[in-house]
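To start, the structure under review is shown below, and the notes come after it.
Every number here is computed from the coordinates shown, using simple stated rules; none is lab data. Being a predicted model, the structure only gives us computed values, none of them experimental. For neighbour counting, all protein chains shown are included, and Cβ atoms are generated from backbone atoms with ideal geometry for every residue, glycine included.
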Amino acid sequence: MERINCISINHRTAPVDIRERIRVDHTDLKDVVAGGVEAFALNTCNRTEVYWTVLDSEPVYRLLERVSPYEEDRIRGASEFLSGRDAVRHLFMVASGLDSLVLGEPQILGQMKDAYRDALASGTTDTILNKALHRAFRSAKRIRTETAIGSYSVSVASEAVELAEHIFGDIGESIVLVVGAGDMAGIAARRLKDRGARHLRIVNRTHAAACQLAGDLGGIARPFESLAEELMTSDIVITSTGSARPIITREMVVAAMKRRKNKPIIIIDIAVPRDVEEAAGKCYNCYLYDIDALKAIVDRHFAHREAEAQKALSIIEEEADKFQTWLSSLSAQNTIKDLFSLMDSQIADQIRGQSMTEEERALLAQHLRSAYKRLLHRPVSFLKEHPMAKYIEHVRRIFQLDEDYPDRHKG
């Protein structure tokens, strides 16, 4: 399975201040996608990853150096390189939430599917990575339905709410501000509501989105321009936007604390890149937590999910085996061999149960074999002349040579 490689910068290999500054867009991958190379990029709050085929790692490290402020040696030290089966297993684990900061969290699958749509639109993936990604999605679906890991899974946003509860206790009387209205912010807001928060405010750059979320939860939407003012009255702030730079500065917090007369405020920043300047946490009675600070809470939940994770890992290994079998079949020679095996199977099926002598049976088999060989002559000749992966995959799909052909990529 040496065709697929991966460089992963994740919550285990690098702190958030490095992760937030390394992001790869699929348009960036155009520089490495040439001569049959495929590539796929995934960016989430806890990871930046590039998967690719054919090339060695050097061009990809140079790409990461170009899109970040770090030199190659620093990137190598903050990442892990995976190749072959290890890279495929890692891809499947990421899709299933088994490599997430919060074990089993479901948001990563949606993020990966969004990234895959971007890759298809950019034309950076083809036969091999398309199949690998669809197999990853299949693995995630099986793990959700065949194990109970989903019963324990929570999101980073949910853990942020738990942290707020751990510090404040009853949050029913606290004034809670959620900054953002996307997936993670929405999860946090709903979790806060479920936990009894009665004074919920939503701030977002797109005010209509804030109004929608606030309306769903019985909260109050505030214009984005009022963010500094909201800090002056809020007890708990959870922020998760897609901003490329901090939206809450140290100066804003200093001004808020002055108006609050230093009444404590908790700010939980689950955005990557971070929404809050690190220096803001140095203000007196401002308790700032970023996504890495949630790890201690996450670790407490790990034991509950570990048993189900072992079942999930067995599914990962099974799906990786199936992918390896498929990948090994992507040679013209193996596919031609499988075509003739299919021919023999079809002939045996047609002869089986027929009432005839052995001589008649042999004669019928001879005629059928001659007819099938004429039928297979064109695809076999085509494969010999064009032994590329995409053509081999088309033939395997048309003749249904693999056990999971209905699950094939249809793009």
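A few comments on the model shown:
- Viscosity 1.002 mPa s, temperature 20 °C, Stokes-Einstein D of region 156-297 from Kirkwood C-alpha radius, µm²/s: 147
- Applying a 4.7 Å Cβ-Cβ cutoff to the chain, the cysteines left without a disulfide-compatible partner are Cys6, Cys45, Cys211.
- The listed peptides 215-227, 88-100, ordered by packing as a protection proxy, come out as 88-100, 215-227 (highest mean of other Cβ atoms within 10 Å first).
- Extending 7 Å from Cα along the Cβ direction at Leu376 and again at Gln354 yields two label points whose distance is 1.8 nm.
- Taking a point 7 Å out from the Cα of Met388 in the direction of its Cβ, the residues of region 24-41 whose backbone N falls within less than 13 Å of it are 34-38.
- Of the cross-linked pairs Lys193/Lys263; Lys311/Lys390; Lys131/Lys373; Lys30/Lys311; Lys30/Lys384, those separated by over 27 Å at the C-alpha level are Lys311/Lys390; Lys131/Lys373; Lys30/Lys311; Lys30/Lys384.
- Using a Förster distance of 30 Å, the FRET efficiency for Lys258-Arg74 (Cβ separation, nearest 0.05): 0.20
- Against the chain, whose longest principal axis is taken from its Cα atoms, helix 183-194 shows a tilt of about 60°.
- Per principal axis, descending, Cα span of the chain in whole Å: 102, 46, 39
- Backbone HN-Hα couplings from phi across region 50-60 [Karplus 6.51/-1.76/1.60, Hz, Gly and Pro as x]: 10, 10, 7, 10, 6, 5, 7, 7, 4, x, 6
- Spatially proximal aspartates and glutamates relative to Lys282 (Cα-Cα < 13 Å; intrachain offsets below 8 disregarded): Glu251
- Tilt relative to the chain, helix 295-328 - C-alpha long axis, 0 to 90 degrees, to 10: 20
- Taking every DSSP beta bridge that has both ends in the chain, the antiparallel portion is near 45%.
- Segments 199-207, 384-392, 124-132, 75-83 sorted - mean Cβ within 10 Å per residue, highest first: 124-132, 199-207, 75-83, 384-392
- Sites Glu318 and Arg117 - FRET efficiency at Förster radius 22 Å, r taken between beta-carbons, to 0.05: 0.25
- Applying the criteria of a DSSP loop state and at most 16 other Cβ atoms within 10 Å to the trypsin sites (Lys or Arg not before Pro) of region 228-302 yields Lys261.
- Calculated from backbone phi, Karplus (6.51, -1.76, 1.60) coupling profile of region 395-400 in Hz, x at Gly/Pro: 5, 5, 6, 4, 8, 6
- With the simple model of a label 7 Å out from the Cα in the direction of the Cβ, Thr325 to Ser57 spans 3.1 nm.
- Region 177-221 and region 1-21: distance between their alpha carbon centers, rounded to Å: 31
- When only alpha carbons of region 4-152 are considered, Rg and Dmax amount to 14.6, 45 Å.
- In summary, the aspartates and glutamates within cross-link reach of Lys258, defined as a Cα separation below 17 angstrom excluding same-chain residues under 8 places away, comprise Glu229, Glu230, Asp235.
- Sorted by Cβ density within 10 Å, fewest first, the residues Ser314, Ser243: Ser314, Ser243
- Ordering of 251-257, 64-70 by packing [mean C-beta count within 10 Å, highest first]: 251-257, 64-70
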